[in-house]
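A.B. asks: I have a structure I would like to understand better, so I am pasting it below and will then ask my questions one at a time.
The values are calculated or read from the model by the stated rules, or taken from the named source; none is laboratory data. From a predicted model like this one, the values you see are computed outputs, not experimental measurements. Heads up, the Cβs are rebuilt from the backbone with ideal geometry, glycines too, and the neighbour counts pull from every protein chain shown. Only protein heavy atoms, including side chains, enter the accessible area calculation; ligands, DNA and RNA are left aside. Shrake-Rupley method; radii C 1.70, N 1.55, O 1.52, S 1.80 Å.
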Protein chains: 2
Amino acid sequence: MIIDCHGHFTTVPKTLHEWRRRQLEHTGAVYGAPLAISDDELRESLESGQLKAQRERGLDLTLFSPIAGQMGHHLGTLEQGIEWARVCNDLIHRVVQLYPQNFAGVCQLPQSPGKDVSACVTELERCVKELGFVGCNLNPDPSGGYWTDTPLTDRHYYPLYEKMVELDVPAMIHVSSSCNPCFHHVGAHYLNGDTTAFMQFLLAPQLFKDFPTLRFIIPHGGGAVPYHWGRYRGLAQDLGFKVLEESLMNNVFFDTCVYHQSGVNLLTEVVPHKNILFGSEMIGAVKGIDPRTGHHYDDTKRYVSATPHLCDEHRHDVFCNNALHVYPGLKYRCQD
Amino acid sequence: MIIDCHGHFTTVPKTLHEWRRRQLEHTGAVYGAPLAISDDELRESLESGQLKAQRERGLDLTLFSPIAGQMGHHLGTLEQGIEWARVCNDLIHRVVQLYPQNFAGVCQLPQSPGKDVSACVTELERCVKELGFVGCNLNPDPSGGYWTDTPLTDRHYYPLYEKMVELDVPAMIHVSSSCNPCFHHVGAHYLNGDTTAFMQFLLAPQLFKDFPTLRFIIPHGGGAVPYHWGRYRGLAQDLGFKVLEESLMNNVFFDTCVYHQSGVNLLTEVVPHKNILFGSEMIGAVKGIDPRTGHHYDDTKRYVSATPHLCDEHRHDVFCNNALHVYPGLKYRCQD
């Protein structure tokens, strides 16, 4: 059993994008129109996309969420964001119903710059209790590249964390698109969001004292963090905090969305294997085939399989068991 | 001959900070007060700090610039920034005069959010022609964490690039402190700045067509970039650009400020050795001793010496020759 903890519905039929465009033209009002996408259209978009790659690469289950870059928390009003999150999450739910063996749901949250998280709490509860979702995506920068909201460790987020703990679901930290011309979305903003979130967690040990079972996945291999593991170990030491492996590693996990062998080697060398979850973000940021290997850059299973820093037991943890631990909602379907 | 391309005067006597504090209290006006720091005070601050470490670690020459975190381009007016840059750069010049064998000058530029770069051009020319400086630090985010200015590839910066080319000096891309509570300065903002700048360069090949000899050093081992080298190679490919090694590597260089062996191994494995310059940023972000090695985290010479991915000839390039190539102003003093 190989679980990919990081997939977005990037191949969604264009009807969804058109729906969103029209909704935002409603200048602040809820749109209310139905989303006309048939089951056949959903099947088609997946059979030629994520399911095809799943089969070719030998993956079993993908934790599937709405397109990160289209969450667009900085667009429209909070009310529109609530409607948009419901529409996107309901579509993921339909995918999971069509392919229950292949996908498990992870929800988008209706965050909005400067707004409290009460709508996020409501949507998370709906998705977990009514739709059977196993996690959520949490945007550390709802402003879309201007970083005008509070750090993730601020009490602003505590109502959401209380609900996550109550429901026993984790959050993947994931920015959306960037409306700041300084930041290319997948080439800068995504990785910056990961790096920034990790440092916020490092600086605020109180968060995980307040919520000992709260769990975050930092995607894209943890941004810059594993590459700078010595810097973070040294900063924690200089600041008088516990060593990273004791302070954060019950609560913070990294995926393996690093698109070359050397990067996954480093990740698996420096980060405890219990804190690494297999992920590929397929089909996502990089779609091409690496001419040096003849395989897709984002076929991260190959790198995890080849790294010399995991024994077979630990490799199996990365591919499967760690996801079952971090996403307890998966257990009912993943008896290996 | 070992050249450390990345050092700041972090041990500067407190008198300088006090001067800056009083200047900013002048609410926009130029301060005009002299800076009362004696040569003995300068010697003392260096002999017990950077010079001590230089000798202990076997380094020969440090490219020395004002404290990056204190550039504070977001503070005060442009006029105050001009005065502040002159004061800081003149102090570096005094250090170089006191220890011409140990230090070469790199200047701070009087950037200011939303302002054109004419003052930077003037100060760069003064520092290079009158003070013998060999490079400058260029802040990709003068706002201090809100990223409200243009990307580095915008024509906004072209007058500065014209002057850099004319004087044949490179710029190290280096943010200053963060006034955004989301970003810890050395744990997030610094690395984000590096990652962001690289992606800006990748996206705008026209810049290096316009300025074929323009050279940038991206510090802190290139932020997240080498760890995600596959992502960047894949993005360049998907976007229809040349491969990175052909498009950027005549103009973009990385230092070795990565504070553990695994990180430097990765850097030297994936980035062409000609694009790596030895650097430590000593005394800087991380001051402690790694209990796993018994040596300072930032004693990066040990990692560069130990990486299996450099032959002796290439290691010498990283330690010395590449810096002589990127900073031609060094040549008169570094006959190896």
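A.B. asks: Would you mention how many residues in the stretch A:236-248 are away from chain B (no Cβ under 12 Å) and open to solvent by 60 Å² or more (accessible area, probe 1.4 Å)?
C.D. replies: The number of residues fulfilling the criteria is 2.
A.B. asks: Within the stretch B:203-224, which residues are at the interface with another protein chain (Cβ under 8 Å from one of its Cβ atoms) and in a loop (DSSP other than H, G, I, E, B)?
C.D. replies: B:GLY223, B:ALA224
A.B. asks: Considering only the stretch A:192-214, how many residues are within 12 Å of the chain's Cα centre (by Cα) and over 18 Å from B:TYR227 (Cα atoms)?
C.D. replies: Residues flagged as within 12 Å of the chain's Cα centre (by Cα) and over 18 Å from B:TYR227 (Cα atoms) within the stretch A:192-214 amount to 0.
A.B. asks: For the stretch A:130-146, how many residues are more than 10 Å from chain B (Cβ to nearest Cβ) and either within 20 Å of A:LEU214 (Cα to Cα) or in contact (Cβ under 8 Å) with a residue 60 or more places away in the chain (or both)?
C.D. replies: 10
A.B. asks: Of all residues in the stretch B:249-267, count the ones that are touching a strand residue (DSSP E or B) at 6+ places or on another chain (Cβ under 9 Å), surrounded by fewer than 21 Cβ atoms within 10 Å (Cβ to Cβ) and within 12 Å of chain A (Cβ to nearest Cβ).
C.D. replies: 0
A.B. asks: What tally of residues in the stretch B:161-186 results from selecting those that are assigned to a helix (DSSP H, G or I), open to solvent by 10 Å² or more (accessible area, probe 1.4 Å) and either farther than 30 Å from B:VAL286 by Cα or more than 14 Å from chain A (Cβ to nearest Cβ) (or both)?
C.D. replies: 5
A.B. asks: Consider the stretch A:59-105. How many of its residues are touching a strand residue (DSSP E or B) at 6+ places or on another chain (Cβ under 7 Å), open to solvent by 10 Å² or more (accessible area, probe 1.4 Å) and either in a strand (DSSP E or B) or over 24 Å from A:THR256 (Cα atoms) (or both)?
C.D. replies: Final tally of qualifying residues: 1.
A.B. asks: Only one of (1) more than 23 Å from the chain's Cα centre (by Cα); (2) part of a strand (DSSP E or B) fails for A:GLU246. Which number is that?
C.D. replies: (2)
A.B. asks: So, one more: With (1) open to solvent by 10 Å² or more (accessible area, probe 1.4 Å); (2) more than 9 Å from chain B (Cβ to nearest Cβ) as the list, and A:ARG233 as the residue in question, which single condition is left unmet?
C.D. replies: Of everything listed in (1) open to solvent by 10 Å² or more (accessible area, probe 1.4 Å); (2) more than 9 Å from chain B (Cβ to nearest Cβ), A:ARG233 misses just condition (2).
A.B. asks: Would you please list the contacts, defined by Cβ atoms under 8 Å and residues six or more apart or on different chains, that run from a residue in the stretch B:268-286 that is over 13 Å from B:PRO219 (Cβ atoms) and within 14 Å of chain A (Cβ to nearest Cβ) to a residue that is of a type in the set (Phe, Trp, Tyr) and assigned to a helix (DSSP H, G or I)?
C.D. replies: Close Cβ pairs (under 8 Å, with a partner that is of a type in the set (Phe, Trp, Tyr) and assigned to a helix (DSSP H, G or I)) amount to B:VAL270/B:TRP229; B:VAL271/B:TRP229.
A.B. asks: Please go through the stretch A:125-160 and give me each residue that is open to solvent by 10 Å² or more (accessible area, probe 1.4 Å) and part of a helix (DSSP H, G or I), ordered by number.
C.D. replies: Answer for the stretch A:125-160, where residues must be open to solvent by 10 Å² or more (accessible area, probe 1.4 Å) and part of a helix (DSSP H, G or I): A:GLU125, A:ARG126, A:VAL128, A:LYS129, A:GLU130, A:ARG155, A:HIS156, A:TYR158, A:PRO159.
A.B. asks: Of the conditions (1) of a type outside the set (D, E, K, R); (2) crowded, with 24+ Cβ neighbours inside 10 Å; (3) not in a loop (DSSP other than H, G, I, E, B), A:GLN200 satisfies every one except a single condition; which number is it?
C.D. replies: In the conditions (1) of a type outside the set (D, E, K, R); (2) crowded, with 24+ Cβ neighbours inside 10 Å; (3) not in a loop (DSSP other than H, G, I, E, B), A:GLN200 misses (2) alone.
A.B. asks: Report the residue count in the stretch B:107-122 for those that are more than 15 Å from B:LEU152 (Cα to Cα) and open to solvent by less than 10 Å² (accessible area, probe 1.4 Å).
C.D. replies: 3
A.B. asks: Regarding A:GLY114, is this residue within 28 Å of B:TRP147 (Cα to Cα) and out of contact with any Ser or Thr (no Cβ under 7 Å at 6 or more places or on another chain)?
C.D. replies: yes
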